[in-house]
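The values are calculated or read from the model by the stated rules, or taken from the named source; none is laboratory data. None of the values given here were measured: they were computed from a predicted structure. In this analysis, Cβ positions are derived from the backbone assuming ideal geometry, glycine residues included, and neighbour counts consider all displayed protein chains. Side chains included, ligands, DNA and RNA excluded: accessible areas come from the protein's heavy atoms. Shrake-Rupley method; radii C 1.70, N 1.55, O 1.52, S 1.80 Å.
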Amino acid sequence: QVQLVESGGGLVQAGGSLRLSCAASVTIFRNYAMAWYRQAPGKQRELVATITGGGTTNYADSVKGRFTISRDNAKKTVYLQMNSLKPEDTAVYYCNTDRLRMRYWGQGTQVTVSS
């Protein structure tokens, strides 16, 4: 069983920054590719960024150049550094990993960007 616990959300003004963290309860963290998703009110959950165990990253076009996903395998934690935040980034952000055809999600953390 994989447990993911996010932290770091909050309220920030447009142009500001936040860093989200997601701690994973797994034995060998580097074996897990990780991802951040977000879901805004009334919208479907969308993929924000992914990172492989070796550190290869991918981003949604809407966040490229503003968000950075990273990981610390020793701490079993994945991060999402969010800069130049916009009101349209307002959403609940979820940490995710897939393993053996199972999808695991954290509880989500609210990010609100005011204009």
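Less than 5 angstrom separates the built amide H of V48 from those of W36, Y37, R38, all sequence-distant by 5 or more or on a different chain. Taken one residue at a time, the phi angles of segment 23-31 give Karplus couplings (6.51, -1.76, 1.60, θ = phi - 60°) of 9, 10, 9, 9, 7, 10, 4, 5, 7 Hz. Gly and Pro are set to x.
Using a 1.4 Å probe over the heavy atoms of the protein chains, calculate the carbon and sulfur portion of the accessible area of the chain as a whole percent. The computed percentage sits at 47.
Rounded to the nearest angstrom and listed largest first, the equivalent-ellipsoid semi-axes of the chain from its Cα gyration tensor are 23, 14, 13. Quick check: net charge around N83, other residues with Cβ under 13 Å of its Cβ, Lys/Arg +1 and Asp/Glu -1? For residues surrounding N83, the net value is +3. Expressed to the nearest 5 percent, the antiparallel share of DSSP beta bridges inside segment 35-115 is 100 percent. Spatial offset of segment 1-75 relative to segment 82-115 amounts to 7 Å, using the alpha carbon center of each.
Structural descriptor for the chain: relative contact order 36 percent, calculated from alpha carbon pairs under 8 angstrom and at least 6 residues apart. Which of rounded, prolate or oblate describes segment 70-115 when judged by the alpha-carbon gyration tensor and an a/c cut-off of 1.5? Oblate, since a/c reaches 1.5 and b/c is not below a/b. Net charge of the neighbourhood of F29, taken over other residues with C-beta under 9 Å away and scored Lys/Arg +1, Asp/Glu -1, is +3.
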